[in-house]
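First up is the structure itself, then whatever we jot down about it.
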Amino acid sequence: MKVTSGRTYLLALLLAGLTALGAVLALSHGSWDIGPAEAAEIVLARLGISTAAVDPVRSAIVWDGRLPRTLVALLVGFSLAVAGTIMQGVFKNPMASPDVIGVSSGAALGAVASLYLGAAGQSLFALPLAAVLFSLATLAAVFLIATGRGRTSVPTLLLAGIALNLIFGALTSFIIAMSTREFDAGRVIVTWLMGDLNDRSWEHVLIVFPTTALALLGTMFFVKDLNILMIGEDTAANLGVNIAWARNSLIVFAAIMTGGAVAVGGVIGFVGLLAPHMMRALAGPDNRRLVPLAGLLGAVFVIYADLFVRLLVQVDLKVGVLTSMLGGPFFLVLIIRHRKRFEYL
Amino acid sequence: MMRIGFCGYLSSLCRRFLLCVGLVCLLPCPAAAGDERPGRTPLDGRRLKEELSLVRGGTADGEEWPRTIPYVDKQYDFRTDTFREEHKSWFARGQPRRVVAHAVGVTEILWAVCPRERIAAFNDLAANPKFSFLADEIRARGPIFRTQETERVLGVQPDLVFTVFYSSLDFKEKLRQAKIPFFDLGYFGTIESIKYQTQLIGRLIGEEGNAAELVRLIEQKTAEIRGKLPLPPRPPRLLYYDENGYVPGKTSNFTSICEMIGAVNVGSEQGVKSWSQIDYETLLKWDPDLIVVPAESGLRERLISNRVVSHARAVKEGKVRSLPGIYLRADSQFMVLSANELAGLVYGGQGEAPPGWSGSGEALQQGLRPGPGSEQTARLFLQVARSCPREAGLPVAGGQGTVRGKEGRESP
């Protein structure tokens with residue numbers, strides 16, 4: 001499939017527009033009647049661009065409540081989608097997703113443990129920190145297992161990831177089982193595992209923004225190598241790509257993004273699997289385009305999912321549940337309709 | 001060479017990182033900031049608990065055994081938010097001598113009205129200080145069985161088991177097979193329903209006098225608490241907010257506790273039925289007079305420092321208070337204790353107590369580990385988590401006692 005630059009720009013423009021529209025809608029929706037114009041005025045005033053006088057309460061609602069939540073949704077969606085794109089490229093496996101090497105289940109275990117032990121109640125940073133630490137520890141463990149005599153085996157890496165996924169899944173289930181006797185902890189854990197962006201604050205933005213920005217920069221540095229890696233390792237080696245360095249770095253970046261996203265948003269499924277697939281079908285397999293575009297699509301997906309969840313406040317739907325409910329069937333349709341398109345992977 | 005160097009470095013880095021993570025995990029969690037001094041309460045909490053733990057109202061004045069006990073089985077269906085009432089009757093051949101309760105609230109009622117030697121075993125939740133006001137006493141007495149340990153229940157050979165809606169079908173089926181009679185108790189969400197259930201339990205175990213005395217004591221103590229409350233120009237509006245942002249609504253125990261002290265549950269006022277999650281923005285919109293949070297959860301500090309919630313009146317006036325979750329879960333006579341503690345938080349505050357107040361904050365003295373939610377929420381969670389289907393309204397039969405007849409109706 002030949003994808004022109006014009007099409008790429010059009011897609012980028014469309015996604016950027018959808019993101020902006022989603023952000024405006026998210027900023028102007030809530031239990032307080034604050035419209036888009038007032039929300040924009042507040043944001044501009046807080047940024048120092050406008051000198052209009054704003055009500056401090058309404059300003060706090062938009063600036064400290066709605067805006068951080070929207071930014072967290074954007075960054076979480078972006079991170080998961082980029083991480084999924086990297087994983088699918090590195091492992092040349094269309095079913096690969098950010099959790100394929102156990103990083104997100106490691107992050108989930110860390111978060112659940114911090115909730116169960118009560119640390120999450122003591123500090124806002126305890127849960128994200130535990131999630132990031134556990135995700136990085138999982139990454140380290142996977143690499144330790146897969147590295148022998150100075151070389152990292154990709155099949156071993158994947159198998160170790162599967163095994164750790166199972167172990168961490170079982171440990172998480174064990175904690176949930178124990179927490180059913182600690183009703184309150186159990187409820188908090190179950191809610192968190194369903195993916196929740198309720199009441200996210202600037203502190204959460206502070207956690208997820210650096211992981212997203214740094215890992216994205218790193219990924220873009222290796223994005224050409226990722227393209228070559230997808231052709232084949234022999235070709236990549238012949239073209240002078242340091243395969244181990246590029247591949248391992250990309251996996252580390254994907255893991256950092258996943259850990260950061262899971263730390264602030266909980267387990268939000270299908271974004272990392274669906275966004276790269278959809279965008280690959282539209283923008284082609286070139287990762288220089290695919291990585292940012294898939295990221296934007298992921299951001300759009302999570303922003304609108306969160307907006308929908310907020311509209312259905314009485315139903316107590318969680319954003320992670322919604323993304324999986326929508327993503328699963330959509331993904332199936334996509335697979336059935338575009339079977340041949342996936343063959344180039 | 002470069003590849004080996006990188007991988008070797010990576011491997012070493014991984015080992016060091018895992019070591020650091022291990023050390024971090026071993027660090028203990030910081031203790032909660034105990035910045036709340038014990039408040040004052042209308043009645044002395046410790047004494048009130050003692051009074052509610054043992055009542056004797058003379059000899060039973062009920063009819064002879066065997067007896068048929070008519071009752072109203074009221075159940076709350078959280079899925080449809082409806083109450084269902086059925087008129088039933090229970091046939092008992094003789095006075096139960098070995099009674100077991102499958103729920104904390106029922107155990108607490110039994111502890112007060114039933115001769116202790118007739119309580120054959122205790123559920124482990126009733127021995128857990130997070131859930132039971134009688135944990136120490138029950139642990140000292142025993143035997144204790146876990147919720148799923150049906151065999152231990154069978155082992156004590158009870159002649160009546162009190163089950164509740166979240167008691168699993170498996171548990172009930174095993175009781176049925178062992179020909180042990182069990183009685184499914186209904187709704188415990190309000191003080192009125194608790195009084196009704198207390199009297200029903202009294203008739204079922206042949207201790208009507210004690211049950212009537214407990215109900216009288218509940219009414220007397222509630223009246224005493226209310227009599228000591230100042231008369232504010234309007235009822236104070238209270239919001240209970242848990243770590244997950246959930247607030248209790250109309251059918252929760254919190255509404256009943258608020259009503260006992262002349263306060264308004266803001267969740268109920270705003271149309272929340274059972275429990276609902278709200279964000280900080282909504283909390284600010286509802287703007288309660290006082291926010292109650294689970295003690296030791298750290299939520300109080302988080303709310304106070306939150307840039308959105310800091311604009312709420314309760315935060316500005318320093319009225320974000322902690323209360324151990326056990327008080328919010330109370331679904332027995334100890335709901336009076338909860339009302340006493342909550343009255344302390346609402347009307348007593350941290351300063352001078354209103355005239356005639358004799359108590360001190362039992363909750364804060366005890367330092368009980370907190371938790372949000374109510375017994376009802378806990379039940380719902382347990383029910384969902386264990387995929388345990390409800391058995392509301394099923395005719396129960398087996399052993400000595402039998403449910404007869406039903407005349408159902410539904411009310412929204």
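The values are calculated or read from the model by the stated rules, or taken from the named source; none is laboratory data. Predicted model only: the values in this text are computed from it and were never measured. Cβ coordinates were reconstructed from backbone atoms using ideal geometry, including for glycine residues, and neighbour counts include every protein chain displayed.
Quick one: in segment B:245-277, of everything that is of a type in the set (Val, Ile, Thr) and in contact with a helix residue (DSSP H, G or I) (Cβ under 8 Å, 6 or more places away or on another chain), which residue is farthest from the other protein chains (Cβ to nearest Cβ)? Walk me through how you get there before you give the answer.
If we filter segment B:245-277 for residues that are of a type in the set (Val, Ile, Thr), which is where we start, we get B:247, B:251, B:255, B:257, B:261, B:264, B:266, B:272.
This time we only want the ones that are in contact with a helix residue (DSSP H, G or I) (Cβ under 8 Å, 6 or more places away or on another chain), so: B:247, B:251, B:255, B:257, B:261, B:264, B:266.
On the way: B:247: 12, B:251: 15, B:255: 18, B:257: 17, B:261: 23, B:264: 19, B:266: 13 Å.
The selected residue is B:261.
When segment A:77-130 is examined, which residues are found to be polar (S, T, N, Q), outside any helix (DSSP H, G or I) and either touching a Cys at 6+ places or on another chain (Cβ under 8 Å) or within 11 Å of chain B (Cβ to nearest Cβ) (or both)? Give the steps one after another, and end with the answer.
Looking only at segment A:77-130, we keep the residues that are polar (S, T, N, Q), and these are A:79, A:85, A:88, A:93, A:97, A:104-105, A:114, A:122-123.
From the residues that got through so far, the ones that are outside any helix (DSSP H, G or I) too are A:93, A:97, A:123.
Within segment A:77-130, A:123 is the sole residue that qualifies.
If residue A:266 meets every condition in (1) crowded, with 19+ Cβ neighbours inside 10 Å; (2) away from every other protein chain (no Cβ under 14 Å); (3) not basic (Lys, Arg) apart from one, which number is that one?
(2)
The conditions are (1) in contact with a Phe, Trp or Tyr (Cβ under 6 Å, 6 or more places away or on another chain); (2) away from chain B (no Cβ under 14 Å), and residue A:68 fails exactly one of them. Which is it?
(2)
Within 13 Å of chain B (Cβ to nearest Cβ), among the charged types (D, E, K, R) and over 16 Å from the mean Cα position of the chain (by Cα): does that describe residue A:199?
Working: within 13 Å of chain B (Cβ to nearest Cβ): yes; among the charged types (D, E, K, R): yes; over 16 Å from the mean Cα position of the chain (by Cα): yes.
Taking the combined requirement at face value, the residue satisfies it.
When only residues in segment B:125-143 that are under 19 Å from the mean Cα position of the chain (by Cα) and surrounded by fewer than 18 Cβ atoms within 10 Å (Cβ to Cβ) count, which is nearest to residue A:179 (Cα to Cα)?
The first filter runs over segment B:125-143 and keeps only residues under 19 Å from the mean Cα position of the chain (by Cα), leaving B:125-139.
In the following step, the residues that additionally are surrounded by fewer than 18 Cβ atoms within 10 Å (Cβ to Cβ) were identified as B:129, B:136-137, B:139.
Values: B:129: 16, B:136: 22, B:137: 24, B:139: 21 Å.
Restricting to residues being under 19 Å from the mean Cα position of the chain (by Cα) and surrounded by fewer than 18 Cβ atoms within 10 Å (Cβ to Cβ), the top hit is B:129.
Please go through segment B:296-316 and give me each residue that is in contact (Cβ under 8 Å) with a residue 12 or more places away in the chain and charged (D, E, K, R), ordered by number.
Of all residues in segment B:296-316, those in contact (Cβ under 8 Å) with a residue 12 or more places away in the chain come to B:296-301, B:303-304, B:306, B:308-309, B:311-315.
Selection gives B:296, B:300, B:301, B:313.
Check off (1) at pLDDT 85 or above; (2) more than 13 Å from chain B (Cβ to nearest Cβ) for residue A:133 and give me the number that stays unchecked.
(2)
Looking only at segment B:284-300, which residues are at the interface with chain A (Cβ under 9 Å from one of its Cβ atoms) and under 20 Å from residue A:61 (Cα atoms)? Steps first, answer last, please.
Within segment B:284-300, the subset at the interface with chain A (Cβ under 9 Å from one of its Cβ atoms) is B:284-286, B:294, B:296-299.
Correct list: B:284, B:285, B:286, B:299.
From A:307, A:273, A:317, A:297, which residue is hydrophobic (A, V, I, L, M, F, W, C), in a loop (DSSP other than H, G, I, E, B) and either touching a residue at least 40 places away in the same chain (Cβ under 8 Å) or within 14 Å of chain B (Cβ to nearest Cβ) (or both)? Please lay out each step first, then the result.
On the way: A:307 fails: in a loop (DSSP other than H, G, I, E, B); A:273 fails: in a loop (DSSP other than H, G, I, E, B); A:297 fails: in a loop (DSSP other than H, G, I, E, B).
Result of the check over A:307, A:273, A:317, A:297: A:317.
Filter segment A:237-263 for residues that are within 14 Å of chain B (Cβ to nearest Cβ) and outside any helix (DSSP H, G or I); which is surrounded by the fewest Cβ atoms within 10 Å (Cβ to Cβ)?
So the residue we want is A:240.
Regarding segment B:271-281, can at least one residue be identified that is modelled with pLDDT of 90 or more and part of a helix (DSSP H, G or I)?
Yes; the residues of segment B:271-281 include at least one that is modelled with pLDDT of 90 or more and part of a helix (DSSP H, G or I).
Among the residues of segment B:282-324, how many are on the phi > 0 side of the Ramachandran plot, at pLDDT below 90 and of a type outside the set (Gly, Ala, Ser)?
Counting residues in segment B:282-324 that are on the phi > 0 side of the Ramachandran plot, at pLDDT below 90 and of a type outside the set (Gly, Ala, Ser) gives 1.
For (1) touching a strand residue (DSSP E or B) at 6+ places or on another chain (Cβ under 6 Å); (2) charged (D, E, K, R); (3) part of a helix (DSSP H, G or I); (4) surrounded by fewer than 24 Cβ atoms within 10 Å (Cβ to Cβ), each residue gets a yes or a no:
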{"residue": "B:217", "(1), (2), (3), (4)": "no, no, yes, yes"}
{"residue": "B:223", "(1), (2), (3), (4)": "no, no, yes, yes"}
{"residue": "B:226", "(1), (2), (3), (4)": "no, yes, yes, yes"}
{"residue": "B:239", "(1), (2), (3), (4)": "yes, no, no, no"}
{"residue": "B:250", "(1), (2), (3), (4)": "no, yes, no, yes"}
{"residue": "B:258", "(1), (2), (3), (4)": "yes, no, yes, no"}
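Name the one entry in B:181, B:230 that is touching a Pro at 6+ places or on another chain (Cβ under 6 Å) and farther than 17 Å from residue B:57 by Cβ. Quick ask: steps written out before the conclusion?
On the way: B:181 fails: touching a Pro at 6+ places or on another chain (Cβ under 6 Å).
Only one candidate qualifies: B:230.
So residue B:225 passes all but one of these: (1) more than 14 Å from chain A (Cβ to nearest Cβ); (2) at pLDDT below 90; (3) under 22 Å from the mean Cα position of the chain (by Cα). Which condition number does it fail?
With respect to (1) more than 14 Å from chain A (Cβ to nearest Cβ); (2) at pLDDT below 90; (3) under 22 Å from the mean Cα position of the chain (by Cα), residue B:225 is out only on (2).
Does segment A:153-190 hold any residues that are of a type in the set (S, T, N, Q) and in contact with an Asp or Glu (Cβ under 9 Å, 6 or more places away or on another chain), and which are they?
From segment A:153-190, those of a type in the set (S, T, N, Q) are A:153, A:156, A:165, A:172-173, A:179-180; that's our starting set.
A:165 - this is the single residue of segment A:153-190 that is of a type in the set (S, T, N, Q) and in contact with an Asp or Glu (Cβ under 9 Å, 6 or more places away or on another chain).
Within segment B:301-326, how many residues turn out to be assigned to a loop (DSSP other than H, G, I, E, B), buried (at least 19 other Cβ atoms within 10 Å of the Cβ) and within 8 Å of another protein chain (Cβ to nearest Cβ)? I'd like the intermediate steps shown before the answer.
Residues of segment B:301-326 that are assigned to a loop (DSSP other than H, G, I, E, B), as a first pass: B:306-308, B:312, B:317-319, B:324.
Then keep just the ones that are buried (at least 19 other Cβ atoms within 10 Å of the Cβ); that gives B:306, B:308, B:312, B:319, B:324.
From what's left, within 8 Å of another protein chain (Cβ to nearest Cβ): B:306, B:308.
The total comes to 2.
If you take the residues of segment A:28-52 that are without any contact (Cβ under 8 Å) to a residue 60 or more places away in the chain, surrounded by 15 or more Cβ atoms within 10 Å (Cβ to Cβ) and outside any helix (DSSP H, G or I), which of them is nearest to the chain's Cα centre (by Cα)?
Taking segment A:28-52 and keeping what is without any contact (Cβ under 8 Å) to a residue 60 or more places away in the chain, we get A:28, A:31-52.
From what is left, the residues that are surrounded by 15 or more Cβ atoms within 10 Å (Cβ to Cβ) are A:28, A:31-32, A:34, A:38-43, A:45-46.
With outside any helix (DSSP H, G or I) added as a condition, the list becomes A:28, A:31-32, A:34.
Numbers: A:28: 24, A:31: 27, A:32: 29, A:34: 29 Å.
Ranking the candidates gives A:28 first.
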